[in-house]
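Single-structure report; data block below.
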Amino acid sequence: KQWYQRRVAITAGSDSSIFVQSQNCNQRNGWHPNTVCKIPTGCHLNIFNNTEFANLLSQSVGHGFEAVYQLARMCTFRISFVKGWGAEYSRQDVTSTPCWIEVKLNGPLQWLDKVLSQMGAPNLTCGSVS
């Protein structure tokens, strides 16, 4: 399956706002990676853009295995219903909200896996400081 020029958007269609944390969206808008966006009823937000992700992936390959591996965070987003979390709220973590989900985009994650497999193992020395 190809993820060419695809995006993920979310619309708040209930009577209450929803809250979204998406590093892909946050980077596109120049926000802090952990920013949580409140989406009021009837509004929508583009939370993942595959073209942007493809550009990031292309750029990251030149910076090595770890830079590419870090992009996995861009393929996951969290949504809470009715209650927000983060720096602007009393709830600091999504797990403190009554109802939330975490979505992992399998297509982009499979793409990352393929690129990482082609890159080979990272050049890391394992050690212990205990």
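Worth pointing out:
- LEU116 accessible area, 1.4 Å probe, all protein chains in place, Å² to nearest 10: 20 Å²
- Neighbourhood charge, 13 Å Cβ-Cβ cut-off, centred on VAL82 and excluding it, Lys, Arg +1 and Asp, Glu -1: +2
- Length gained on full extension, VAL103 to ALA72: 9.9 nm, using 0.36 nm per residue less the C-alpha separation.
- Remark: C-alpha extents of the stretch 11-54 on the principal axes read 34, 20, 11 Å, sorted largest to smallest.
- One equal scatterer on each Cα of the chain, no solvent, Debye formula: the resulting log10 I(q)/I(0) at q = 0.17, 0.21, 0.22 Å⁻¹ is -0.93, -1.19, -1.25.
- Given charges at beta-carbon only (K, R positive; D, E negative), |dipole| of the stretch 1-66 in Debye: 160 debye
- Probing with 1.4 Å while keeping every protein chain in the model, the per residue accessible area of the stretch 16-130 equals 60 Å².
- Computed extension gain for TYR89 through HIS32, at 0.36 nm per residue and net of the alpha carbon distance, reaches 18.9 nm.
The values are calculated or read from the model by the stated rules, or taken from the named source; none is laboratory data. Model, not experiment: these values are computed from the prediction. Neighbour counts run over all protein chains shown; Cβ positions are idealised from the backbone, glycine included. Side chains are part of the model used for accessible areas, which takes the heavy atoms of the whole protein and leaves out ligands, DNA and RNA. Shrake-Rupley method; radii C 1.70, N 1.55, O 1.52, S 1.80 Å.
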